[in-house]
Structures are given as C-alpha cells and as structure tokens.
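To keep things clear, I will list the structure first and then write my remarks on it.
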C-alpha cells in the first residue's frame, strides 16, 4: 500500500518539475514565419491621385527567403530577395535585397539599413509598441488587433488564423484619410498590406463628399505561397 503512495507522490513531483516548452503559436512566433526556401507572391494595386486624376498601376511582387546566418547575439538573420513583374505572363525581375529576424520578443524587418519593429511577442489583443523603436525616426505606435481571425484572399481562399497590426488610423473623412495596416497569417507571414494617405477636396461645393484631391492608395494581397 505505502509503496503505491510513494510512487504516486514521486510521479506528481516529477511532472511538476518539468519545464514546459513555450508554445510558438500562442506566443505568436508562427505569424512571423521565416524559413529558407519559403516564398510569398502578391498582387499589388497602387493608385496615385494628383488634382483629382487617378493613375492606377498593377503589378506582382514576390518575396523569397534565400539564405540565413547567425549574428554575434546568436540570432538568425534571414536574407530576402524581392522580385517584381507587370503580369503573371512575364518573368520575375530582381528588385532588391532585404532582411528579417525574429527574437524572443520582436519580429524585425530591415529595409535598406532601416530596421522596423513589425511584431511584438508575446501577442495579445490591443498590445501597442513603437514600430520605430530600433531606428532614429519619430515614434510610430502600432497596435495589435483581430487575433486568430480568418481572412479571405483575393482568390477566395481562406487563411484560418491571422492577426492584424494597425500602424496608422486617422479617419478624418472631411479633410483627409490616413490608414496603414498589415495582416499576418499563421505559418505564412504577411498576407495583406494596405496604405492609404489621401487628401479630400475641401472647397465648395465638394467639401464633405470625400472626393480625393491628391494622395496614394496601396494594396498588396497574397496570391500564392509555398517552399522551393
């Protein structure tokens, strides 16, 4: 009898002493997915306005993780090659090289020599951080929203788990509209990006009618992803 009691106590303390491994999904690491060989392709619509005249340009972008290396802090930096083409019938043309890395608390994207703090870990709804914390630019507060929400792509495919990062949200609706946000898919990375910065006509009689006088609307939507 007593030996069974001692065995039970031993098992309880043995289980309690084990360290639990952090869950990459709940921490949010899988939303900032980085592995050599991975690629994501996007359809881009970019409209610029000048004196109420819109100019629409459409093209496709491709981001591919081509290499990685370990820095002195033991963190892995991933090398990204970016490509562009005017339509799906054309070959990809190399555009630029960027890099990215993920630490225990940060998802970082380096464009040129400018590091941007895209995600903050662990994830939580309403969490805010300075997207320019790693560079010399002015403070730019980002906010996390819509955790583990579904997203329907342009091709009507459903990405079951995403989160949204609101980078800018100034909805005046009379004089201007400035909204920037990105959506990240679990196990994929960024699946959608939108940047709107427009100025409305404020002269009589068009004031309040949201007639765009000048500015830019940029939308980048995922159309394909995978691994080479």
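The values are calculated or read from the model by the stated rules, or taken from the named source; none is laboratory data. Keep in mind that this is a model prediction, so the values were computed, not measured. Every residue, glycine as well, gets a Cβ built from its backbone with ideal geometry; the counts of neighbours run over all protein chains shown.
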(request) Output the residues belonging to the range 111-147 that are free of Cβ contacts under 8 Å to residues at least 40 places away in the same chain, closer than 25 Å to residue 70 by Cα, assigned to a strand (DSSP E or B) and under 13 Å from the mean Cα position of the chain (by Cα). (result) 116, 117, 120
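Return yes or no: is residue 68 at pLDDT below 95 and either out of contact with any helix residue (DSSP H, G or I) (no Cβ under 7 Å at 6 or more places or on another chain) or within 25 Å of residue 162 (Cβ to Cβ) (or both)? Step through it out loud before you land on a result.
On the way: at pLDDT below 95: no; either out of contact with any helix residue (DSSP H, G or I) (no Cβ under 7 Å at 6 or more places or on another chain) or within 25 Å of residue 162 (Cβ to Cβ) (or both): yes.
For residue 68, the condition - at pLDDT below 95 and either out of contact with any helix residue (DSSP H, G or I) (no Cβ under 7 Å at 6 or more places or on another chain) or within 25 Å of residue 162 (Cβ to Cβ) (or both) - is not met.
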(message) Suppose the filter is at pLDDT below 95, farther than 19 Å from residue 221 by Cα and exposed (fewer than 15 other Cβ atoms within 10 Å of the Cβ); does residue 174 pass it?
(response) yes
(message) Just checking, does the range 113-122 include any residue being surrounded by fewer than 16 Cβ atoms within 10 Å (Cβ to Cβ), modelled with pLDDT of 95 or more and touching a helix residue (DSSP H, G or I) at 6+ places or on another chain (Cβ under 8 Å)?
(response) yes
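Table: residues versus (1) assigned to a strand (DSSP E or B); (2) closer than 14 Å to residue 119 by Cα.
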residue	(1), (2)
149	yes, no
156	no, no
164	yes, yes
167	yes, yes
173	no, no
179	yes, no
182	yes, yes
